[in-house]
Amino acid sequence: MRLFPKSFLPLLAVFASARGYTILVLVAAQYLSARYILAPQRSWVEHLTDFKLFFLVLASSFAIAGGYLINNFYDAEKDRINRPQQYLLQHLISTEKQLLYYSFFNGLCMLLAFLVSKKAFLFFFAYISGIWLYSHVLKKTFWASNVFAAFLAISPFFAISLYFNNLSTWVLYHASFLFLIILIRDLVKDLQNFRGDWVRKYNTVAIVFGVKITKSIVTVLIVFSSFPILQLLRSTDQLGWMYYYFAVCIPYLIGIVVLLWKAKDQKMYLWLHNLLKVLILAGVGSIILVRYSI
């Protein structure tokens, strides 16, 4: 008995290729950030009936979906080695159709951005161009790949921040923490994908500098991540119960460092990668705790 009808498999492949589950988390994170961090003076009704905000969130989703598709297109041979099962699912649709969906998603993104404002249109044009540049050129350049990828990951939140005209120091601390955690996760992913990157001659940090130096860089970045955490922990009135999330982050990240230096194989790096994903997901979920005062 088939788990899914055969006709449903191409749609499942598009969903997997565009990382639909990641996009759903992004949508939740953007709305939660808008409600509890960027514009807490507005009610849920005001946020949910704000069509320009809805268009921005939807434009971000389509841009990122397109980004994942073009990334899969360029990384096909590498993914065949590193993630064979995921590769088989994502390539149930042809590369030609992947490029067609990529163009379609980008077109929808630009249309929605134009309906918001000319500034939003220019922002997303630059964002889509940045995603293509990363996938086509920078991903094979060790000195720019990870930093640029992390910057692209947090850029949709800047679109929402600019919409609400809120780039306060407190918001920037949140953005800095998220940027560093995503950068750390990306470097751990390089360690996880070492074999495929080496075969396909990708110049990642792990390939160029080796495993030990990459682990040292990750350790230093985790130390750096403590600075925005400590700054945020000083803002108990603004953080509310989210204070406890950031308080737990410090021992959690220390545990990541210990496990990192013990890791020796792809399976262990996958565990670390997933632990960092859990930290990010927990951060998204804990945004709602900002509403409760300590």
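The values are calculated or read from the model by the stated rules, or taken from the named source; none is laboratory data. Nothing here was measured: the structure is a model prediction, and the numbers come from that model. Because the Cβ atoms are built from the backbone with ideal geometry, glycine has one as well, and the counts that use them run over all protein chains shown.
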Q. Which ones in segment 197-243 are surrounded by fewer than 18 Cβ atoms within 10 Å (Cβ to Cβ) and of a type in the set (D, E)?
A. D237
Q: Output the qualifying pairs, or none if there are none: Cβ atoms under 8 angstrom, residues six or more apart or on different chains, first residue in segment 277-294 and over 16 Å from F177 (Cα atoms) and of a type in the set (D, E), second residue surrounded by 14 or more Cβ atoms within 10 Å (Cβ to Cβ) and modelled with pLDDT under 90.
A: none
Q) Within the bounds of segment 119-137, is there any residue that is among the basic types (K, R) and more than 15 Å from F158 (Cβ to Cβ)? A) no
**Q.** Residue match in segment 186-196 (condition: charged (D, E, K, R), surrounded by fewer than 21 Cβ atoms within 10 Å (Cβ to Cβ), in contact (Cβ under 8 Å) with a residue 24 or more places away in the chain and assigned by TED's automatic domain parsing to the domain that holds C109)
**A.** no
Q. For I70, are the conditions met, namely being outside the structural domain of L276 (by TED's automatic domain parsing), crowded, with 17+ Cβ neighbours inside 10 Å, at pLDDT below 90 and β-branched (V, I, T)?
A. yes
